[in-house]
Structures are given as structure tokens and as C-alpha cells.
Amino acid sequence: MSPSRHSGYVPQDIEPKWQKLWADHGVLKAADDSPKPKFYNLVMFPYPSGPLHMGHMRNYVIGDVLSRFKRMQGFEVLNPMGWDAFGLPAENDAIKRGGGVHPEDWTRGNIAIAKRQLGIMGVLYDWDREVTTCDPSYYRWTQELFLLFHERGLAHRMMSPVNWCPVDKTVLANEQVINGRCWRHPDVEVEKRDLEQWFLRITQYADRLLDDLSLLDHWPEKVRVMQANWIGRSQGVEVEFPIDGHPAESMRIYTTRPDTLFGVTFMVLAPEHPLVEKLTVESRRNAVREVVEASRREREIDRMSSEVKRLGAPTGAFAVNPLNGEKVAIWVSDYVLITYGTGAIMAVPGHDQRDFEFASQFSLPVREVIAPPTGPQRDLDSAYTDHGVLVNSGPFDGLDNKTGAQRIADFIEQKGIGKRSVKYRLRDWLISRQRYWGCPIPVVHCEVDGIVAVPREDLPILLPREYKPLADNADFWRVKCPKCGREARRETDTMDTFIDSAWYFLRYTSAHYKTQPFDPELADHWMPVDQYTGGIEHAILHLLYSRFFQKVLHDAGRADAIEPFTRLFTQGMIKRGGMVMSKSKGNGVAPDDLVERDGADAARIYELFIGPPDEDAEWSDAAIAGPVRFLQHVWRLVESPDSFDATGPDIPDAVLRRRVHQAIRKVTEDYEGFHFNTAVAALMELANTLQKYLQGGGERDDDWHFAVRTLVLLLNPMAPHVGEELWSRIGGQGLAADAAWPDYDPLAAAESDVTLVVQVAGKVRDRLTVPVGLSEKMALELALGSERVRGALDGHAPSKVVYVPDRLINLVP
RNA sequence: GUCGGCGUGGCGGAAUGGCAGACGCGCCAGCCUUAGGAGCUGGUGUCCGGCUGGACGUGGAGGUUCGAGUCCUCUCGCCGACACCA
């Protein structure tokens, strides 16, 4: 027998009905011209790689609850959905399945599956605004935006040592290399290759991307810190070191520690630095060449590890310290990176740990120029990197090192041997990919005209249907130069898929706009996104790129907003068996099975009740019984209140009324603050109160109807099918989805009596029921009247009384 | 190594510096019965006690406070991010 038979609640009987009604009524279709205040609610769109599981679903359930809640609160909610549909998994999976499936067919098939799954979970979107990034109607605008970046000098092609994933056979952006490995293949080491590639100049926006983090005060602190660290702004000084015997050359270094300039005992060039070839003396050539070649061969993974022994060799050349005129040896080592600063450093082993280790390994001298507050150090076994007083620093001796750094920097600038300078860890964004399933870059390479942008009227550059790398598809790349008409070659790189997702939130605001990527007026109406919800794994990549795009579009006069997402919520992952739910682990729970067995509403409530939404949660197959029983309980309360025997103590109407108002307050606050787990708990308590009321012989009077009606409305965003069904059965007007959110009356929610905790020396000795707002004098009198309190005081009079009205009185003997 | 987060019953978790463990899962006892994976009632941190009750208890050690899961210092463990950025 079905467990639902006892309550009469059969989710499968009601869910399809309401899902159809919502669709027919266009619930959650966003009106561009609504007089209501707008609320742009967005969840990160999925990559359609197969059926969704309950790990993915958490995100969409949270988003749907918020949409329904905000809608009931009177907002015009924009809640769109789409598909991040270009990318390598489509190619890889298509190949894995025998090569018979085209990436596009695979992708479209997965989209259909996911869309149906969202539907049976009762998750609503404005599907009229659906975007699919692999659709020409979308990517022609991705191409148009590329041209915009190109015109603004923000897209350029250059030769660069790049990260190459040997499995995907394509390059990766810096952000996509994790511990020297491909972000999609944790067991595959990334190789270095020199290739000519397309880049977006995100570094030009480094300052603004960093500074504007301060505007994002509704973002998790954690994400802002991660972005700030990623951008990695540092302030330092560039200094020119003359080279002994090479009057035409000089060695430019960058340091954040000008206060240690007198402690330089050697210099180091990155192996790729152009000066290496010029400066190396004949006798050192072989050793230096060995270092250069070994570091080129070196796998990225080794180079990232700080445990590894350094490669190093002296060039035989010497630099002259411009501050004290000392000659110091110039070395080559792999621990200096060509990609940061000037690719050359001054080494101060006394005060930099890396320099210290290198000096130790090669027996190079160490000099102390900053004395710790405790006095000069002897027998150094590590670099001293803290603050102190300058010593061995000529005219700067005796200064504290902070002041010293400023003075020395001033001195360098006055002498014209260097200047203050700001550097970033952030690199330009490498966007070229050499595979098939991506957005073609709309340029043509002409022998005469060079790189020629495709004219806008020729967009889109369609991805050919034939599935093979574009570079192998002559029909695709054989074109005429748009400028001179000669034979030319179309660019065969496609764009990183993170570009597709860097502007999709703008396209939603006018998904069918025909003349531009988006209608500027509608974009300005809906933007910025009021609430953005997604996984923490996008804390850097997607969110940084999207912020960059928004700023460029702002600068181009196409968008008002300078930040795309006002409020960010990063939800935790769902684990099962200790591992993140995923297709590859095979531990996913299919929403289809849950819907079939327990219904969509129970599945939704369980996902919300499982724990704080910003933390990871462990899925329990058994625990969903709680939400199932809860919904049955609510159903019985509303549908057959007479089935509860009057066997318990009386609950006065006034108490019932008060509990209902308290529940409105609590649940509203919890929805606003994303505390869905405690919102569910509060509704469970309300249901328990309603039951107690019936069991106390409570009448089906106005207070009862108010309680039932409120329970249904408060529950509706989380369990919308039950909400609609019960709403219609109790005679609610229209759809519950359209009903107004209940208001609470602070007076009605206020308790008249409170429990006053009586402590003696901080230990609870009694609890008294007292009226709200009791005076301290009365409270003390009542407390002293307690037998147990007098016993605990043991005849002493309290020397101190701490009184917190309506909460506690503490008597300290 | 650096930065950040988290440690609370058998489990998921709750608690503006003020009754630790709300709510739920599980478990125990009982009731009801159309015998069920249903419903209802009560119980369920540990220890002492027949009950009233008492002692202890939020990873560990200190501290601030009348009062600390909550604030501070140190420490252990787990998780995440970054990791030669000069």
C-alpha cells in the first residue's frame, strides 16, 4: 500500500497538473514594461553534459524558491535559463561513444533531458529567453563582441609560451591550469609550447577589477579575497643595474623590497631572458646552456614545486649595484620566471627565503642589511623577512626598513636609475583553442593585409557541420581577404568557452534582439543581476571574466552597470559516500527517481533542509523521509483536520495566532537570508503547533483558517505543487504563485509572557514565567522568592545583580 | 609554506555573548490497526540518583566576562584556495 493513502497526498496526482498550469499561465514570464520593481534572479547556467543529478539540482531549487518568493513579494522577477553548450566535453564524449554522435547532437540531446528534469522538479524559468551558446543566434553576438574587443585594442595575437594539454590537444588559460595540471584532467600534466595565440587584455583592467571588489559588499568575503589574490597587485621599484664591460646593456629588475638593495650579493636572470645569450662568457656557455635547456624540458609540475632543487649557473658576467657600486655575479636559474616582473631579479639571500635557498645551494655570500629589533643576527639559517633597522646600508643605516624603503625608492627616482612600479600576478587571458566545438574567431589572415577583422555584416562565421578540427577543414578556412579580395586563410582557432558565459546574463535581457548582442535599454533596465547563485568553483574564472566583460561594455557605452552581479551566493556541493556527487563517480541521485517515488516537493524540501546552503552537505537516502512525512502532515492538517483526536491540552486561539505571526516573521527572514534549512524547520514547528491546536480541541474558526492559509503560502515557494493544490482546496483566489506574501503584525507576534532564567553565579537555578518588560526590582523579588535560588545563595545576599530584561537574571553572591 | 573556512548527540544540523542540542533522520517503549516502509503518544548528550534533582558537556589548553559553542591567544584535526609572483 502506498504510504500516501493515509493522508490522501499523492504527489504524482497533482504535480503534472500544476506544472502545466504554470506553463499555460506564463508564470515567471518576465514583463519588460512591468510597473513592479524588477528583480533579476540568476543561477549559473549548466554545461549540458548529461542528465542532471540532485547535486546540480540544489542550485536550481534555491533559485526557484527565491523567484517564487520574490514574485509573491511583489517583484517583477526575471529568472531565465540557458545552456553553456560549447566545449570539449561534447567532443570527448561524442568520441568516447564510438564517434557516431556529433557534438551538437549530443549537446542538444542533453539539453532536452535537463530541461525535462527541471520541469518535473517544478523549477520555473522564462523559457522565452532561453539562450544556447552553441546556437548561431547566440554566438554571432559572441563574435560581434570579439570584434568590439579587437577594435578597442583588447584582443591581440602574440607568440607566447603557453600551457598545452596533451589530451585535449589545445592550449589552456592560466586560470585553467591547476597545480601544473589540466583543470579537466587532474592526472594530466600540462606542457609548455611556444605558439601564436589570441589574448584578451584583461591586465589593462587589473586595477579596476581589484578596486571595484570594494563595491561588491554583498559578495562572500572569501570570493573577493580569492579574486584579489588572483589579481595579485604588488607595489615595488624597477631598478637598472649597469653591466660590467657591456656599456650598451643593463639589467632591469623589479623588487618590492628596495630597502634590501644594499644586501644584494648576486643577480639572477630567467633562462628565457634575452640577456642570457648576450652576457654569458665563453667559459660558462656550456653550463648555462644546460640550465636553459633543462628548464625548457622541465615539466611545469616540477617547476611549480618549491621542494625541487634549483637549476643554476653563473653567466660569468657581473652587474654593478647602482647604490654602492659593488660588482655582483649574474646567474641564470629556473626559479626566476620570465612571465613576471622583468624576468630578472636582484638576489638578497639575507632577507628572501628563495634567494637564501639558492645561495645555500651554490655557496653564494649572504649579507645582513636589516637587523631584527632584538639586535643583529648571527649564524643565519634562514632569511630574515620581518621588519627591522637598516644596517650595512651606507647613508640609510639606522632607518627602520619601512622608511628606508621609501627613502631608497626616492633616491633611485632622483638619480634616474629606476622608478616605482606596480606589477600584477594576473596575466592576459589566453582565449585561443584549437578544437572544433567552439565559437570561431571572426578574423582572416591575409598575406598583404595581415589580420583582418570579418565585417559585421558577414557574421556569423558559422561553425561547419562537419566534425573535425577547423585547421583541417579547407572548405572552412579557404576564403578571400575581406579587404583586398586575395586568397586568404580564415582563423581556425575557436574561443575559450568562458567567453560564451562572460556575457550571457546580458543576452537574457533581450534574447531575440536582432541588431546587437543585447538591447542596451533592456539591459540597463534589468541589470545588474540582483542575485547570482552558483558554485564556488567559479569564484575566479567565470566571475572575473564576466566582471571584465561588463566593464569593457560599460567603457564602450553599451552598458550602464560597471559590475554585473550585485549579490552573489555560492552554494555548497552535495556529497554522497563522502564524495562530491558526479556522473564520473557514479554516485548521483537522479531527480527522476525521487520525483517518481516521493514527489518533486519532497525532493525540493529535502535539498533545502539538508543543511546550510553555503556549506557542503552529505546526501542521506533515508533522511528524505522527514520531508515526505512533513508534506503528508500538512496535507492532513488542511484536508482532514477532523482526523486528529482531541486528546491534548488546550491551545488558546491567541497562542495559535501568535505562533502564526512568529512563523511569518521567521520564515520571511530566513528566505531573505538564504537560511532555507531553518525556514523548513520553522514550518515544521508551525505544522506541529497546528496539530496541537486540533488535539486541544481547537475550533475551525477564523484563527484556524488564518493559520492554515498562512502555512500554505509560506510553504508555497519551497513546495509549490502542494502549495497550489492546497491553496485551491481552501478556496484561495487565483494561483498561489500569484498570491501576496503574508505580512506579520509585530504586536500579534509579541509574546506576553517570557521564561526568565534565574542564575546564581552564572549557573541556572530556576526558570520563572514572567510578563514581558518586568522591572529589575520585581524580577529580583521573584528570583529571591524561589526556593532553589535561596538554597543556592546559601544565606548570602547577592553582591551583584545582572538583569537582562525578558531573558535572564544572574545573582552573584 | 601563505590565506580562508569548519570542528556541537548515533547521524544531518539549531542557537543577536544570556535555558546548548530547535527541526529532522535513526533508535527505544507504548497505543491503534484495514498488519504498514502508515498514523498517534512518550522517550532518546554523558554520568550519579527511585523521583524532586545534581554534576559534567560544543576538538584541546589558556584568557576576557556576572555569564563563552559564540570574543581573544595558542594548539590539534579536517576541508578549500593559492603556491618560486621577487
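The values are calculated or read from the model by the stated rules, or taken from the named source; none is laboratory data. Because the structure is a prediction, the values reported are computed rather than measured. In this analysis, Cβ positions are derived from the backbone assuming ideal geometry, glycine residues included, and neighbour counts consider all displayed protein chains. Surface accessibility is based on the protein's heavy atoms, side chains included, excluding ligands, DNA and RNA. Shrake-Rupley method; radii C 1.70, N 1.55, O 1.52, S 1.80 Å.
General observations
- For region A:185-203, a tally of residues being in contact (Cβ under 8 Å) with a residue 40 or more places away in the chain and either polar (S, T, N, Q) or open to solvent by 60 Å² or more (accessible area, probe 1.4 Å) (or both) returns 5.
- Within region A:111-136, tally of residues that are among the small types (Gly, Ala, Ser), touching a residue at least 40 places away in the same chain (Cβ under 8 Å) and open to solvent by 10 Å² or more (accessible area, probe 1.4 Å): 1
- Condition met for A:Asp702 (more than 12 Å from RNA strand B (Cβ to nearest atom), without any contact (Cβ under 8 Å) to a residue 24 or more places away in the chain, under 23 Å from A:Asp743 (Cβ atoms) and not hydrophobic (A, V, I, L, M, F, W, C)): yes
- Residue within region A:617-633 that is assigned to a loop (DSSP other than H, G, I, E, B), under 30 Å from the mean Cα position of the chain (by Cα), over 21 Å from A:Ala682 (Cα atoms) and within 7 Å of RNA strand B (Cβ to nearest atom) present: yes
- Just one of the listed residues (A:Ala682, A:Ala663) is within 10 Å of RNA strand B (Cβ to nearest atom) and closer than 22 Å to A:Glu725 by Cα, namely A:Ala682.
- Contact annotation: residue pairs with Cβ atoms under 6 Å, 6 or more positions apart or on different chains, pairing a residue in region A:595-622 that is more than 25 Å from A:Pro16 (Cα to Cα) with a partner that is in a strand (DSSP E or B) and within 8 Å of RNA strand B (Cβ to nearest atom), are A:Ile610/A:Ala617; A:Gly611/A:Ala617.
Quick grid of which residues meet (1) more than 11 Å from RNA strand B (Cβ to nearest atom); (2) outside any strand (DSSP E or B); (3) closer than 29 Å to A:Lys70 by Cα:
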site	(1), (2), (3)
A:Ser728	yes, yes, yes
A:Gly734	yes, yes, yes
A:Pro742	yes, yes, yes
A:Val757	no, no, no
A:Arg765	no, no, no
A:Leu768	no, no, no
A:Ala779	yes, yes, no
A:Gly791	no, yes, no
A:Pro798	no, yes, no
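- Within region A:547-564, the set of residues being within 20 Å of A:Leu78 (Cα to Cα), open to solvent by less than 10 Å² (accessible area, probe 1.4 Å) and touching a Lys or Arg at 6+ places or on another chain (Cβ under 8 Å) comprises just one member, A:Pro564.
- Scanning region A:466-491 for residues that are among the basic types (Lys, Arg) and either over 20 Å from A:Gln143 (Cβ atoms) or touching a Ser or Thr at 6+ places or on another chain (Cβ under 9 Å) (or both) turns up A:Lys468, A:Arg486.
- If you check A:Asp334, A:Asp352 for being farther than 20 Å from A:Lys415 by Cα, near RNA strand B (Cβ under 7 Å from one of its atoms) and out of contact with any strand residue (DSSP E or B) (no Cβ under 8 Å at 6 or more places or on another chain), only one passes: A:Asp352.
- Failed item in (1) part of a loop (DSSP other than H, G, I, E, B); (2) buried (at least 22 other Cβ atoms within 10 Å of the Cβ); (3) in contact with a Pro (Cβ under 9 Å, 6 or more places away or on another chain), with A:Arg58 passing the rest: (1)
- Residue that is surrounded by the fewest Cβ atoms within 10 Å (Cβ to Cβ) [pool: residues in region A:742-796 that are among the polar types (S, T, N, Q) and over 30 Å from A:Leu683 (Cβ atoms)]: A:Ser775
- Of all the numbered requirements in (1) within 24 Å of A:Leu145 (Cα to Cα); (2) touching a Phe, Trp or Tyr at 6+ places or on another chain (Cβ under 9 Å); (3) modelled with pLDDT under 90, A:Val443 misses one, and that requirement is (3).
- Residues that are away from RNA strand B (no atom under 16 Å from the Cβ), touching a Lys or Arg at 6+ places or on another chain (Cβ under 9 Å) and part of a helix (DSSP H, G or I), drawn from region A:512-546: A:Pro520, A:Ala523, A:His525, A:Trp526
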